[in-house]
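Participant: Okay, handing you the structure first.
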Amino acid sequence: MPIYGLTNVQESFLKLGQIRKGDKDEEGRPRDLDYFRVTFLPWKTKDGQDGAALLEKRFLEQYGPRPTEINIRLAYPDVRKVWDANFECYKKGGMFASACTDATGAHWIFRRDDTTNEVIIRDGQAVNDEGVRFLTQPLDIHAPLYSYKSTKGEMVQVGFDPVGHLFVVVRELADLAVGFFEFRPESPRDIRNISSELASFDLFAKQAGKDISGMPFILRRRDEQVPKRIGNQLSRGSSWVVHLDLGGDWANKALQVIERKALPEFIEAEEVIEVPQSEPTDAKVAEQEPPAIEKTSEAPKAKAPVDPEETEVIDPLDSRAIGFAANVWNISLKKAREAIDKAILTGTLKQPFYKAAFKRFVKNPQGEPPTA
Amino acid sequence: MNIPFYDPGYPYEGFSDIEADEAVRDYVCPICYGNLTPYHIPGTSVNLVVCQEHGNVEQIGRVTKRSIEIREAQARRAFKEVIRNLPDLWGELIPPKQSVEQNIKELGF
């Protein structure tokens with residue numbers, strides 16, 4: 001299959017769009033869907049075509065308008081580079097704060113000032129004194145971070161929400177552009193599912209001697225009965241939960257490899273029979289000795305043609321000579337030049353610099369091995 | 001006055017004049033990376049900040065211009081890595097590596 005992006009896109013790993021699991025109803029309220037809704041970011045190919053339209057057309061051809069399964073690949077072998085989940089809070093559409101949790105509690109990653117919107121914590125580090133003040137206080141992940149009075153006159157309190165970011169490559173679109181889609185689950189159940197499934201697949205891949213970038217995955221929505229809390233009532237209801245599954249025949253093949261690895265190793269060996277040592281007799285020695293070669297008078301040797309490289313004089317500090325040495329020694333040009341320089345200074349390389357002599361030096365920079 | 005994407009029934013918070021100026025100066029639309037425009041809502045002290053094509057930033061989000069620059073630089077760096085990580089998808093984009101013999105031949109040795 002030709003690579004359309006070879007001549008038509010920048011050499012960038014572009015974000016091509018988002019895979020979503022919900023949208024907004026007529027009144028602007030968020031609602032969950034039972035399929036994936038894929039949106040495409042605008043970008044132009046080098047020849048001016050609408051890249052998003054090309055991708056959307058191909059996606060619809062492959063998956064239709066309401067896909068519940070998408071074939072994906074992960075672009076990096078490290079889970080941390082393809083998946084993260086943190087608590088995030090947005091203010092008027094912009095990131096206001098983010099935090100993570102571990103066994104010791106919750107920690108700030110990013111935070112803006114309440115009134116000035118100035119960044120006070122970035123990458124978990126305080127930018128100013130206000131940031132230090134926040135970092136030294138315990139963080140309650142469930143507490144509201146700010147409140148505002150809406151245009152309807154209601155007081156709205158805003159706090160942290162869990163948000164996951166999974167960066168995936170859609171296999172059927174890979175020949176159109178080098179890029180990824182972001183799947184952004186915001187339900188704790190989906191985040192938990194993807195975290196645990198990705199961790200187990202990572203372990204599985206490592207056991208088979210591979211990594212997650214080589215595995216074909218399916219991002220899947222599945223109707224499951226899950227507990228739901230409505231007010232103070234707990235009930236069970238249907239929900240289209242997201243899962244990450246292995247696609248193709250990869251899992252079966254990997255299991256075969258793992259099973260083979262789990263078996264004890266059989267080493268093929270020959271039985272060794274010890275023979276009692278005895279002094280070799282003259283007859284045995286005679287057998288072991290190679291047959292003597294009758295010496296004949298040497299025929300006069302034909303005069304060998306002179307190799308033109310033996311007489312061709314070169315500059316050993318010329319870029320081509322340095323390049324040759326660097327390639328043979330598998331080192332940088334700078335180091336190769338230094339080594340040649342040193343050889344000239346110490347007299348290992350002597351004038352006139354014949355090409356053949358230079359090549360011999362490069363092949364054996366320590367000098368000829370001492371002959372017995 | 002016709003304000004794009006303005007819905008009086010939707011509970012927007014709105015931006016003060018200073019906030020709106022900052023938003024327009026420092027942020028772009030997260031969908032098309034296009035510039036934002038402030039609109040004053042008549043009869044109130046607040047403004048809406050919108051992308052002319054994709055809507056109110058309080059609904060669609062916004063992203064700083066600096067973030068876009070960082071993202072683009074990261075995307076350029078990531079390109080070389082990902083085409084090698086997924087050679088079955090993008091292997092044709094990997095520039096052919098010359099052998100040592102080829103390099104030496106080209107250098108005249």
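The values are calculated or read from the model by the stated rules, or taken from the named source; none is laboratory data. No experiment lies behind these values; they were computed from the predicted model shown. Neighbour counts are summed over all protein chains in view; Cβ atoms, including those assigned to glycine, are modelled from backbone coordinates with ideal geometry. Protein only, heavy atoms only, side chains kept; ligands, DNA and RNA dropped before computing areas. Shrake-Rupley method; radii C 1.70, N 1.55, O 1.52, S 1.80 Å.
Participant: Which whole number gives the average count of other chain Cβ atoms within 10 Å of the Cβ atoms across peptide B:82-91? Walk me through the numbers before you get to the answer.
Facilitator: Numbers: counts 10, 5, 1, 10, 10, 2, 5, 10, 9, 1.
Partner Cβ neighbours, averaged per residue: 6.
Participant: Looking only at Cβ-Cβ distances, which cysteines of chain B have no other cysteine closer than 4.7 Å?
Facilitator: Within chain B, the cysteines lacking a partner Cβ under 4.7 Å are B:Cys32.
Participant: Okay, next question. May I ask which of A:Lys46/A:Lys91; A:Lys21/A:Lys92; A:Lys149/B:Lys65; A:Lys334/B:Lys65 have a Cα-Cα span longer than 30 Å here? Please report the intermediate quantities before stating the final value.
Facilitator: Values: A:Lys46/A:Lys91 36 Å; A:Lys21/A:Lys92 22 Å; A:Lys149/B:Lys65 28 Å; A:Lys334/B:Lys65 40 Å.
Exceeds cut-off: A:Lys46/A:Lys91; A:Lys334/B:Lys65.
Participant: DSSP beta bridges in the protein assembly as shown, what fraction antiparallel, as a percent rounded to 5?
Facilitator: Details: 67 of 72 bridges.
So the antiparallel bridges in the protein assembly as shown amount to around 95 percent.
Participant: Using a 1.4 Å probe on the protein chains only, how many percent of the accessible area of chain B belongs to carbon and sulfur? Walk me through the numbers before you get to the answer.
Facilitator: Numbers: 3210 of 6280 Å².
It is 51 percent, rounded to a whole number.
Participant: Below 17 Å, Cα to Cα, which lysines can A:Lys81 reach? Residues fewer than 8 away in the same chain don't count.
Facilitator: A:Lys81 reaches A:Lys15, A:Lys206, A:Lys210, B:Lys80.
Participant: Can you grab the distance from the C-alpha centre of region A:114-166 to the C-alpha centre of region A:36-109, Å, no decimals?
Facilitator: 23
Participant: With charges set only on the Cβ (+1 for Lys and Arg, -1 for Asp and Glu), what does the dipole of region B:61-109 come to about its Cα centre, in debye to the nearest 20? Don't skip to the end; give the middle numbers.
Facilitator: Working: 10 positive and 7 negative charges, 93 e Å.
Approximately 440 debye in magnitude.
Participant: Which of the aspartates and glutamates could be linked to B:Lys105 by a straight reach, that is with a Cα gap under 15 Å, when you skip same-chain ones fewer than 8 residues away?
Facilitator: List returned: A:Glu309.
Participant: Share of region A:2-158's accessible area from carbon and sulfur, percent, 1.4 Å? Please list the in-between numbers first.
Facilitator: Details: 4320 of 8850 Å².
About 49 percent, which is the carbon plus sulfur part of the accessible surface.
Participant: Return the loop-located GluC sites (Glu not before Pro) in region A:23-72 (DSSP other than H, G, I, E, B) with at most 12 other Cβ atoms within 10 Å of their own Cβ; answer none if there are none.
Facilitator: Working: sites: A:Glu26, A:Glu27, A:Glu56, A:Glu61, A:Glu69; in loops: A:Glu26, A:Glu27.
The qualifying sites are A:Glu26, A:Glu27.
Participant: Further question on the same structure: Any idea of the total accessible area buried by the A-B contact, 1.4 Å probe, rounded to 100 Å²?
Facilitator: On the way: alone 25910 and 8150 Å², together 30310 Å².
That pair hides around 3700 Å² of surface in total.
Participant: Could you state the number of Å between the C-alpha centres of region A:228-242 and region B:22-91?
Facilitator: 35
Participant: Right, here's the next one. Defining a contact as two alpha carbons under 8 Å apart and six or more residues distant in sequence, what relative contact order in percent does chain B show?
Facilitator: Numbers: 108 pairs, mean separation 22.2, N = 109.
Averaging sequence separation for qualifying contacts and normalising by length gives 20 percent for chain B.
Participant: A further question follows. What is the local net charge at A:Val328, summed over the other residues whose Cβ is closer than 11 Å to its Cβ (Lys, Arg +1; Asp, Glu -1)? Mind dumping the intermediate values first?
Facilitator: Values: positive: A:Lys359, A:Lys363; negative: B:Glu101.
Result for the neighbourhood of A:Val328: +1.
Participant: Residues of region B:38-63 losing 50 Å² or more of accessible surface, assembly versus chain alone, probe 1.4 Å, please list them.
Facilitator: The answer is B:Arg62.
Participant: Please turn the phi angles of region B:47-58 into ³J(HN,Hα) values with the Karplus equation 6.51 cos²θ - 1.76 cosθ + 1.60 (θ = phi - 60°), one per residue in order, whole Hz, x for glycine and proline.
Facilitator: Values, residue by residue: 10, 9, 10, 10, 8, 4, 9, 10, x, 5, 5, 5 Hz.
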